[in-house]
Amino acid sequence: MSTNEGIPQFPKPYWRDLDLPSFDKLDNDLSVDVAIVGAGITGITAAYLLTKEGVKTALIEAGSVLNGTTGHTTAKLTAQHDIIYDELIGHFGEEKAKLYYESHMEAVSFVEAAALEHQIDCDFSKQDAYVYATTEQTLGSLQTELDAYQRLGISGELTDAIPFDIPVKGALVMHEQAQYHPLKFLRALLEEAVKTGCSVYENTTAADIEDDESNPKIITKSGHKITCQHVIMASHWPFYDKPGLFFARMYADRSYAIGITTGKDYPGGMYISADSPSRSIRSTPINGKNLLIIGGEGHKTGQGIDTMKHFEALEKFAEEVFGIKEYLYRWSAQDLVTLDRVPYIGPLTKERKNILVATGFKKWGMTTGILAGHLLRDYVAGKDNRYMELYSPSRFQMDPDVWSAITTNLDVAKHLINGKLEFVPREPEELLAGEGSAVMFNGKRAGGYRDENGKLYVVDTTCTHLGCECEWNHGEKTWDCPCHGSRYDINGEVIEGPAVKPLTLLKEE
Ligand SMILES: Cc1cc2nc3c(=O)[nH]c(=O)nc-3n(C[C@H](O)[C@H](O)[C@H](O)COP(=O)(O)OP(=O)(O)OC[C@H]3O[C@@H](n4cnc5c(N)ncnc54)[C@H](O)[C@@H]3O)c2cc1C
């Protein structure tokens, strides 16, 4: 098939093509032991594990369960997080780098064991994971990484080819990794949690926390209070940010994925490129056939090219390497990256012991979300967990944080200033059907979008989080903030935090 034929008109991830349970909105005050905010992989795993221990737990979700990043992943379950082990040894030492590997391998084993225990048909299969190099320079990095594997006792080796028509210089394989259908798995964990007493509420947004030392209270957008002993912020970006200053310690990075059939057998394995532009390859069974999931084209949120171009680049790659028979799905999402590339899991700060957070999974949350659920359960129960220190949000390592922190925040400052000054002024009336753009409205920068029926929406594009200017995302038809990744729909309603307040809708006609 030729490029652009049959492109799915609306983004939809393959994973969400299944029945999911629905839950009422919270319409009263509550008192529980643990209140979890966010029903993605982190929140659901924590809810499942805590209720299993007899802890009275409530799980609230701003939208629908499993419709955040977890519903838009590519779901490789692996401890091979691009090239990272040599860097971890350099930054944290060999012992902690090994703990990092072991913590993620335990997460893979948990999924396998839980699927067996609860008879969950979630397409789990063991696969080797490959990171491949297409340049000599990156091959050198793979060799260094192999050395790190050997020092840490990780099972793997360098190969000189992968089974596709991609001109690689070499590939580093990590054995005994896995893949699955995350929503089939997590739907079952959620059902188990509900059976054992967890109360779940959808369309319930946590807006703030009353920070009482022993009994913090979540205040929802509609004004209800949830009093508890521990709050778990599994909201991807921590919605209560002030004490942790996460906005200065993380950035959001977006990626794209397409789901295609090719008419050819798939040789097995999960692949990711080490060079730019990033490419990720895996397959999953679909109605007796193979759906090939091709991902990549990562960039900082709000800083990409016209987002449809990223889908087109993946489609072109898929056509050249595999040949596309049917183009069935396309989706995109973002994940958060910390300054030292290790997630933040644990108490928000040394002083805020009852407000817990799990964030910064750098596109490897399929194991990290599971690991976070375990760490947070143990923290709440006062049990030791040998991984706690490594992931502590209060850790401070001088190297390489400082430089990253400076460059990340310079980037934010640049967008704060440039977003307001640098744009070619257009009038909202100039917008064609289906077009969105920064426009001049009442003498100020605003954002206009004209839908397919000709209706015009104009919003104030000043992000309600910290005041950067949002950019138009053509692929998803959203306003995305280039600083911390908040996203809004065409009416200005929040789709994704850290923002909790909508953009002002200036005009709708
Ligand atoms: C394109 C892409 C591909 C990826 N592929 C892989 C992969 O192959 N392997 C891998 O390991 N990882 C992968 N990841 C990463 C992984 O998908 C994520 O790290 C993980 O899903 C994050 O889970 P989460 O539970 O933290 O967040 P989410 O799934 O986003 O859940 C957070 C939930 O909190 C809710 N929420 C937010 N704010 C509030 C509030 N104030 N009140 C109430 N609810 C709120 C949101 O609506 C959301 O449902 C990928 C990520 C991307 C973007």
- Query: Does the chain come out rounded, prolate or oblate by the C-alpha gyration tensor, with a ≥ b ≥ c the root eigenvalues, rounded set by a/c under 1.5 and, if not, prolate when a/b is larger than b/c and oblate if not?
  - Reply: rounded
- For the range 451-509, which trypsin sites (Lys or Arg not before Pro) are in a loop by DSSP, counting at most 13 other Cβ atoms within 10 Å? 455
- Query: Going down the table (169/363; 56/353; 12/76; 12/455; 126/184; 362/383), which pairs top 21 Å between alpha carbons?
  - Reply: 169/363; 12/455; 362/383
- Query: Farthest toward the dipole's positive end in the chain, which of 143, 485, 388, given Cβ charges of +1 (Lys, Arg) and -1 (Asp, Glu) about the Cα centre?
  - Reply: 388
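Give, rounded to the nearest 20 debye, the magnitude of the charge dipole that the range 202-342 has about its Cα centre when Lys and Arg contribute +1 at Cβ and Asp and Glu contribute -1 at Cβ.
Values: 16 positive and 19 negative charges, 60 e Å.
It comes to approximately 280 debye.
How much of the accessible area of the chain, probe 1.4 Å, is carbon plus sulfur, in whole percent? Working shown, then result.
Numbers: 10190 of 20590 Å².
Heavy-atom surface of the chain belonging to carbon and sulfur, 1.4 Å probe: 49 percent.
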- Within the range 97-163, DSSP-loop GluC sites (Glu not before Pro) with at most 14 other C-beta atoms within 10 Å are none
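What's the magnitude of the charge dipole for the chain around its Cα centre, counting Lys and Arg as +1 and Asp and Glu as -1 at the beta-carbon? Answer in Debye, nearest 20.
About 540 debye.
If you stretched the chain out fully between residue 208 and residue 426, how much longer would it get, using 0.36 nm times the residue separation minus the C-alpha to C-alpha distance?
Details: separation 218, 0.36 × 218 = 78.48 nm, distance 3.73 nm.
So the extension gain works out to 74.7 nm.
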- Message: Using DSSP H assignments, which helices in the chain have an axial alpha-carbon span of 18 Å or above and a mean Kyte-Doolittle hydropathy of 0.0 or higher?
- Response: 182-195, 365-381, 401-421
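How many Å² of accessible area per residue for the chain, probe 1.4 Å? Walk me through the numbers before you get to the answer.
Working: 20590 Å² over 509 residues.
About 40 Å² of surface per residue is accessible.
Where a ≥ b ≥ c are the square roots of the eigenvalues of the C-alpha gyration tensor, would you call the range 1-113 rounded, which needs a/c under 1.5, or, failing that, prolate if a/b is larger than b/c, or oblate? Write down the numbers at each step before the final one.
Working: a/c = 2.47, a/b = 1.07, b/c = 2.31.
It comes out oblate by the Cα gyration axes.
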- Task: Mind giving me the FRET efficiency for residue 452 and residue 151? R0 is 60 Å, r the Cβ-Cβ distance, nearest 0.05 is fine.
- Result: 0.60
- Item | Dipole of the range 1-130, positive direction: furthest Cα of 23, 35, 124, with charges on the beta-carbon | 23
- Query: Say each of residue 509 and residue 28 gets a label point 7 Å from the Cα, pointing the same way as Cα to Cβ; how far apart are those two points in nm?
  - Reply: 4.7
- Item | Fraction of antiparallel bridges per DSSP, the chain only, in percent to nearest 5 | 80
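Let me know the shape class of the range 66-121, please: from the alpha-carbon gyration tensor, a ≥ b ≥ c as square roots of the eigenvalues, rounded when a/c is under 1.5, otherwise prolate if a/b is greater than b/c, or oblate. Walk me through the numbers on the way to the answer.
On the way: a/c = 3.48, a/b = 1.71, b/c = 2.04.
Oblate.
The values are calculated or read from the model by the stated rules, or taken from the named source; none is laboratory data. What you see is a predicted model, and the numbers here were worked out from it, not measured in a lab. Here the Cβ is made from the backbone with ideal geometry for all residues, glycine too, and neighbour counts use every protein chain on show. Each accessible area value is taken on the protein alone, full model and side chains, heavy atoms only, with ligands, DNA and RNA left out. Shrake-Rupley method; radii C 1.70, N 1.55, O 1.52, S 1.80 Å.
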